[in-house]
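As structure tokens, the structure follows; a few thoughts come after it.
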Amino acid sequence: MKFAFLNGFLEEEIYIDQPQGFVVSGKEQMVYKLKKILYGLKQAPRAWYTRIDSYLLSLGFERSISEPTLYVKKKQAETQLIVSLYVDDLLVTGGDRSMLADFKAKMKDTFEMSDLGQMIYFLGMEVQQTHNGIFLGQKTFAAKILRKFSMENCKPTSTPMAVGAKLSSQEGYEQVSEADYRSLVGCLLYLTATRPDIMYSVSVLSRFMHCCNKQHLQAAKRVLRYIKGTLSYGLKFSRNEDLKLIGYTDSDWAGSKDDMKSTSGYAFTLGSAMFCWSSKKQSIVAQSTAEAEYVAAAGAVNQAIWLRKILGDLNLYQKEATEIFCDNKSAVAIAKNPIFHGRTKHFSIKLHVVREMEQAREIVLVHCNSEDQVADIFTKALCTSRFIKLRKELGVSSMEAKEEC
């Protein structure tokens, strides 16, 4: 979309000073009253969203209640068109080519826009579409990061973080430039859009933005060395007829050296590669491994409920309860049996959403072996063999390998 914000309509009266070099002689004290939105106004994003929202609704689209930037055009149980809005960029997909062409024509008549055809590049992500599936990667952006921080000739490493590595802000290492460190971690965070294999490492590094030292910078450079050896890696989504939502949740215990808080991790799949994941330090100090796992499970359940709603908006209703695999028997038992009250009475009330959603048959917490716990990669640094195994289960693989196939 070209000049998207200029398409918004003003709902308030706004006055601006006369621009320098265009002041009307004899009327220097007067101001202009705006008739349309200008870039730079606080109202511009909201006005543009209101305009495009009302236009899409007028075309018969339904706005998702759970995700306001998602619009779906349906005919009973048939999903005809899907539009995803990101500021002034629109992603459009649908099974009916004539309907898709008609929608594009209507958009061009109303807004000044460019049709870029089949998506091959979007917000730094490279997209390869074949009849077997879709590959998402950020090879160009990853190479750019290596050049930016002079690491393009570094020696690759097999994992992004050393086994047993524990970073702290209290160990008295030499301080480094906060600006450089924040820039590096910010770049790595953007790379996690298609690289869940570095999610845990980057999550840990981001905890030290305000107190970074040489130890943290060395750990960040190790992630760059790992990226150097896996430059062409990304996510491969294969065709799958049975789109069943499945989740994994895990936690370490007291993994942070500074405040003894634990790290939660979860991942969700629809039968192919993982499409949703998280690695985040918990907000409370867990008094046991069961509590840490239960806190992690609560976060995964909240995400699962949101994902079920999104899938429902896309006519992909989940008829059965969503299975979320957890490798802690005590956490699973607490979710199913209220008799454990004596040992869980100090738990925050909000955590018992797990039990409530179990009873509502929205989700079901299922015990699994630790060896099969995919979310383990989001909670701790792993040895090479274990890391590579879980990386494969995430759906992370090389772009070149897919091209050869």
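The values are calculated or read from the model by the stated rules, or taken from the named source; none is laboratory data. Because the structure is a prediction, the values reported are computed rather than measured. Counting neighbours? That spans all protein chains shown, and the Cβs are built from the backbone with ideal geometry, glycine included. To get the accessible areas, we keep the full protein, side chains included, count just its heavy atoms, and leave off ligands, DNA and RNA. Shrake-Rupley method; radii C 1.70, N 1.55, O 1.52, S 1.80 Å.
Annotations for the structure displayed:
- Residue match in the range 310-318 (condition: touching a helix residue (DSSP H, G or I) at 6+ places or on another chain (Cβ under 8 Å) and free of Cβ contacts under 8 Å to residues at least 12 places away in the same chain): yes
- Of all residues in the range 82-100 being outside any strand (DSSP E or B), open to solvent by 70 Å² or more (accessible area, probe 1.4 Å) and over 24 Å from Cys187 (Cα atoms), the one that is modelled with the highest pLDDT: Ser98
- First in the range 101-117 and within 17 Å of Phe61 (Cα to Cα) and part of a helix (DSSP H, G or I), second anywhere and at pLDDT below 90 and of a type outside the set (Asp, Glu), Cβ under 7 Å, 6 or more apart: Met107/Met113
- Residue pairs whose Cβ atoms lie under 7 Å apart, separated by 6 or more positions or on different chains, with the first residue in the range 250-262 and under 22 Å from Cys368 (Cα atoms) and the second of a type in the set (Asp, Glu) and open to solvent by less than 50 Å² (accessible area, probe 1.4 Å), are Asp250/Asp327; Asp250/Asp376; Ser251/Glu293; Ser262/Asp252.
- Exclusive hit being at negative phi, open to solvent by 10 Å² or more (accessible area, probe 1.4 Å) and not hydrophobic (A, V, I, L, M, F, W, C), set Tyr181, Tyr226, Tyr190: Tyr190
- Contact annotation: residue pairs with Cβ atoms under 6 Å, 6 or more positions apart or on different chains, pairing a residue in the range 283-301 that is in contact (Cβ under 8 Å) with a residue 40 or more places away in the chain and under 11 Å from Thr344 (Cα atoms) with a partner that is open to solvent by 10 Å² or more (accessible area, probe 1.4 Å) and hydroxyl-bearing (Ser, Thr, Tyr), are Ala290/Ser330.
- Only one entry in Cys212, Cys276 is of a type in the set (A, V, I, L, M, F, W, C), in contact with a strand residue (DSSP E or B) (Cβ under 9 Å, 6 or more places away or on another chain), under 19 Å from Phe135 (Cβ atoms) and surrounded by 16 or more Cβ atoms within 10 Å (Cβ to Cβ), namely Cys276.
- When the range 1-29 is filtered for residues that are assigned to a loop (DSSP other than H, G, I, E, B), over 30 Å from Lys106 (Cβ atoms) and in contact with a Lys or Arg (Cβ under 6 Å, 6 or more places away or on another chain), nothing remains.
- Of everything in the range 129-142 that is part of a strand (DSSP E or B) and out of contact with any helix residue (DSSP H, G or I) (no Cβ under 7 Å at 6 or more places or on another chain), the residue that is least open to solvent (accessible area, probe 1.4 Å) is Gly133.
Table: residues versus (1) open to solvent by 50 Å² or more (accessible area, probe 1.4 Å); (2) touching a Leu at 6+ places or on another chain (Cβ under 7 Å).
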position: Gln20; (1), (2): yes, no
position: Val24; (1), (2): yes, no
position: Glu28; (1), (2): yes, no
position: Lys33; (1), (2): yes, no
position: Gly40; (1), (2): yes, no
position: Pro45; (1), (2): yes, no
position: Ile52; (1), (2): no, yes
position: Phe111; (1), (2): no, no
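- Those residues of the range 178-230 which are closer than 19 Å to Lys380 by Cα, hydroxyl-bearing (Ser, Thr, Tyr) and either in a helix (DSSP H, G or I) or in contact (Cβ under 8 Å) with a residue 40 or more places away in the chain (or both), in sequence order: Tyr200, Ser201, Ser203, Ser206, Tyr226
- Just one of the listed residues (Ala333, Ala321, Ala304) is on the phi < 0 side of the Ramachandran plot and surrounded by 20 or more Cβ atoms within 10 Å (Cβ to Cβ), namely Ala304.
- Of all residues in the range 67-81, those satisfying the criterion of being surrounded by 15 or more Cβ atoms within 10 Å (Cβ to Cβ) and either farther than 21 Å from Glu112 by Cα or not aromatic (Phe, Trp, Tyr) (or both) are Thr69, Leu70, Val72, Lys73, Lys74, Thr79, Gln80, Leu81.
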